[in-house]
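The values are calculated or read from the model by the stated rules, or taken from the named source; none is laboratory data. It should be emphasised that the depicted structure is a prediction, and the values quoted were computed from it without experimental measurement. Note: ideal-geometry Cβ built from the backbone for every residue, glycine included; neighbour counts use all protein chains shown. Side chains are part of the model used for accessible areas, which takes the heavy atoms of the whole protein and leaves out ligands, DNA and RNA. Shrake-Rupley method; radii C 1.70, N 1.55, O 1.52, S 1.80 Å.
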Amino acid sequence: MKTRDLLEEIKENIKDFDIAPFEERARDENTDQTSRLHANFHIQNYNEIMELNIDENDESNIEIDEKLVNDIKDELGRFFEGYSPESEEEFKRFITYTCIYLSLIAKRPLHPIGIDMHNGKTVFGEEKDGETVYYCDIKEEQSKIAKDYYTCQYCVCKPS
């Protein structure tokens, strides 16, 4: 599967997702900072995906392993079953496809930069040789405690 085809699949699967609740949460000054950061992150990703076009001849239109795409879908399915089974199917689909986009097309972290994961641990980026390298303070820790699912394996972040 080419990047362009994957992007079209992602768009098709999230195009009807209602981001209005995220927009409301992002504007609400009574909403906690972490929730507002997540809301803005989801809005940014949605808008970016819907606006992005990859030309057939674009150098970013590379081959992407369909097995990897399916592995990410399966892993996120297990994640939702174990962590948030009550989530609506539309939300699960939105998160799954934005994670695929972030991992395989945008090559950015699955969480917002600067998010407080817990105890001041975060996701951050550093410039190295003209490129941003992303790090996560809990990636290594999560790999040791993950039991039934480990979505971090698909995130571009390196352990800090």
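Which of these, 145, 19, 113, has the largest mean-square fluctuation under a Gaussian network model of the chain (Cα springs below 10 Å)?
Among 145, 19, 113, the largest mean-square fluctuation in the Gaussian network model of the chain belongs to 145.
Put +1 on the Cβ of every Lys and Arg and -1 on every Asp and Glu Cβ in the chain; which of 142, 95, 157 then has its Cα farthest towards the positive end of the dipole?
With unit charges placed on the Cβ atoms, the residue in question is 142.
Of 110, 37, 52, which has the largest mean-square fluctuation in a 10 Å C-alpha GNM of the chain?
52
Roughly how many percent of the accessible protein surface of the chain is carbon and sulfur, given a 1.4 Å probe and a whole-percent answer?
Numbers: 4230 of 9740 Å².
Result for the chain: 43 percent of the exposed heavy-atom area is carbon or sulfur.
Can you find, among 119, 40, 57, the residue farthest towards the positive end of the dipole of the chain? Put +1 on the C-beta of Lys and Arg, -1 on that of Asp and Glu.
Ranked along the dipole, the leading option is 119.
Roughly how big is the chain's charge dipole about its Cα centre, with Cβ charges of +1 (Lys, Arg) and -1 (Asp, Glu), in debye to the nearest 20? Intermediate values should be presented prior to the final figure.
Working: 20 positive and 37 negative charges, 115 e Å.
Computed charge dipole of the chain: roughly 560 debye.
Take every DSSP beta bridge with both residues inside the chain and express the antiparallel ones as a percent of the total, to the nearest 5.
Working: 8 of 10 bridges.
Roughly 80 percent of the beta bridges in the chain run antiparallel, per DSSP.
Test of understanding: given the chain, find the longest segment containing no GluC sites (Glu not before Pro) that are in a DSSP loop and have at most 13 other Cβ atoms within 10 Å.
Working: sites that count: 29, 56, 59, 86, 88.
Value returned for the longest uninterrupted segment is 89-160.
Under 10 Å, Cα contacts only: if you run a Gaussian network model on the chain, which one of 13, 119, 57 comes out with the highest mean-square fluctuation?
Maximum among the listed residues: 119.
Listed here are the pairs 15/73; 73/128; 67/144; which of them are more than 21 Å apart at the Cα?
As for pairs spanning more than 21 Å Cα to Cα, those are 73/128; 67/144.
Just check segment 63-160 against the gyration tensor rule for me: Cα atoms, a ≥ b ≥ c as the square roots of the eigenvalues, rounded for a/c under 1.5, and otherwise prolate or oblate depending on whether a/b exceeds b/c. Spell out each step's value before the answer.
Details: a/c = 1.80, a/b = 1.28, b/c = 1.41.
Here segment 63-160 falls in the oblate category.
Kindly state, as a whole number, the per residue volume in cubic angstrom of the convex hull around the alpha carbon atoms of segment 12-91. Could the numbers behind the result be given before it?
Numbers: hull volume 10.4 nm³, N = 80.
Cα convex hull per residue, to the nearest whole number: 130 Å³.
How high is the relative contact order of segment 53-131, given as a whole-number percent (alpha carbon pairs under 8 Å, six or more residues apart)? Display every interim value, and only then the final one.
Working: 34 pairs, mean separation 12.4, N = 79.
Once normalised by length, the contact order is 16 percent.
If a/c stays under 1.5 just call it rounded; otherwise compare a/b with b/c (prolate if a/b is bigger, oblate if not). Do that for segment 1-145, with a ≥ b ≥ c from the square roots of the Cα gyration tensor eigenvalues.
rounded
What does the accessible area per residue of the chain come to in Å², with a 1.4 Å probe and no ligands, DNA or RNA counted? Display every interim value, and only then the final one.
Values: 9740 Å² over 160 residues.
Value for the chain: 61 Å² per residue.
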